[in-house]
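Scroll down for the structure; my scribbles are underneath it.
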Amino acid sequence: MTETAELLAERLHALPSVLATMLLKPEIPSLTRADQPIWVTGGGMSEGPGRFLVALLQQSGLWADFVPLSEFVAPTLRCSDGTLVLLSQGLAPNARFPLRHVRSFRKTLLLTSVLADADSPLGSAPRELAVAMAQGVEVLTLPPQEESGLLLRVIGPTVQALAVAALAGTPWQALQEIPTLYEALLSAPPMGSLLRNGEREQLALIAGGRYGAACFGLRWKLLEGLLAGDPPIWDLLQVAHGPLQSLWSTPYTLVVLMRDEAPYEAQLVDSLRRVLRPELHRIVPLRAQKLPGFLAYFEHSAQLDALLLDAVRVTELDLIEWPSRGKDDALYQLCPVS
């Protein structure tokens, strides 16, 4: 097994216990109508949990929107008071742009793994965090404190997703099943393969209804974990409008996010099978059977993690010395240190 696969397996094995430990201390306040409008932002793998939070809040009827980090580079913002939620596991340089606009919001909440003291291994980030806290930023510190070494982070984003589920008002008791379920799904044989004859082909995710909006983090997991371009998430019915034509002559693996809670979608998946070309196109169904609503995300995330680890082992992909490593500072290190 390669060093990348060993490190990825080690972190995935540790993930359920990290989730369980986090649930021992229910200290996450729920966002309410009084916090509206709610701006959510985050970069890298934190964008997935950020968009997951927005989907959960919108489902509950709150005004929430995901705002890309680049909007915060502007010297001023057009916002109407409200709340800013910033997710950044390691308080990445460009994730500090939103902290320049703290005074534009009534409340700012930062979800990070950084500690505001010398124990943090993340360079200038502790000082930046201390400055933010002095400005009134509320900080929710999440594990793990450090997860470097691989391009793909698998512990932090899932921990963030669990935290934002609580932030969106999901009852704490409803989250208790997730660590055990995650461990069981990671331990089970992978539900198919992301590879055909040991080779990766074009990938896309398929989902039904508004659930697709909650699954951006799964898409990003494939992008960074397999260096797979930017796998789209297509709606089950929308495949007929452009996607089908674009993939018609190309080998494709379609990962379908099925939910027992939405049994009517099974007939749509059957219809999808009938319009594909079996000699070129494969469907890999991932079925969420236990968790209600958008919490199905955690079942699909665990299943996809198992598929991803299997693919990394077979292809011997190197996520330690990844392409462009150390060559992205001109874009990644834009925000100057305060």
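The values are calculated or read from the model by the stated rules, or taken from the named source; none is laboratory data. Because the structure is predicted, anything quoted here is derived from the model rather than measured. Note: ideal-geometry Cβ built from the backbone for every residue, glycine included; neighbour counts use all protein chains shown.
Against the numbered list (1) out of contact with any helix residue (DSSP H, G or I) (no Cβ under 8 Å at 6 or more places or on another chain); (2) modelled with pLDDT of 95 or more, residue 121 comes up short only at (2). From the residues in the stretch 61-96 that are surrounded by 15 or more Cβ atoms within 10 Å (Cβ to Cβ) and polar (S, T, N, Q), which one is farthest from the chain's Cα centre (by Cα)? Here the answer is 83. Of all residues in the stretch 105-113, none are of a type in the set (Phe, Trp, Tyr), without any contact (Cβ under 8 Å) to a residue 40 or more places away in the chain and over 23 Å from residue 295 (Cβ atoms). Of all residues in the stretch 42-60, exactly one satisfies the criterion of being hydroxyl-bearing (Ser, Thr, Tyr) and crowded, with 24+ Cβ neighbours inside 10 Å, namely 46. Just name the residue that is surrounded by the most Cβ atoms within 10 Å (Cβ to Cβ) out of those in the stretch 129-180 that are of a type in the set (Gly, Ala, Ser) and either modelled with pLDDT under 95 or touching an Asp or Glu at 6+ places or on another chain (Cβ under 7 Å) (or both). Filtering first and then ranking leaves 156. Just to verify a result, which residue in the stretch 295-335, among those that are in contact (Cβ under 8 Å) with a residue 12 or more places away in the chain and small (Gly, Ala, Ser), is nearest to residue 55 (Cα to Cα)? Checked the stretch 295-335; the qualifying residue nearest to residue 55 (Cα to Cα) is 296.
So that you can scan it fast, the table gives a plain yes or no per residue for (1) out of contact with any helix residue (DSSP H, G or I) (no Cβ under 7 Å at 6 or more places or on another chain); (2) more than 19 Å from residue 143 (Cα to Cα); (3) assigned by TED's automatic domain parsing to the domain that holds residue 161:
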position: 22; (1), (2), (3): no, no, yes
position: 27; (1), (2), (3): yes, no, yes
position: 67; (1), (2), (3): yes, yes, yes
position: 71; (1), (2), (3): yes, yes, yes
position: 84; (1), (2), (3): no, yes, yes
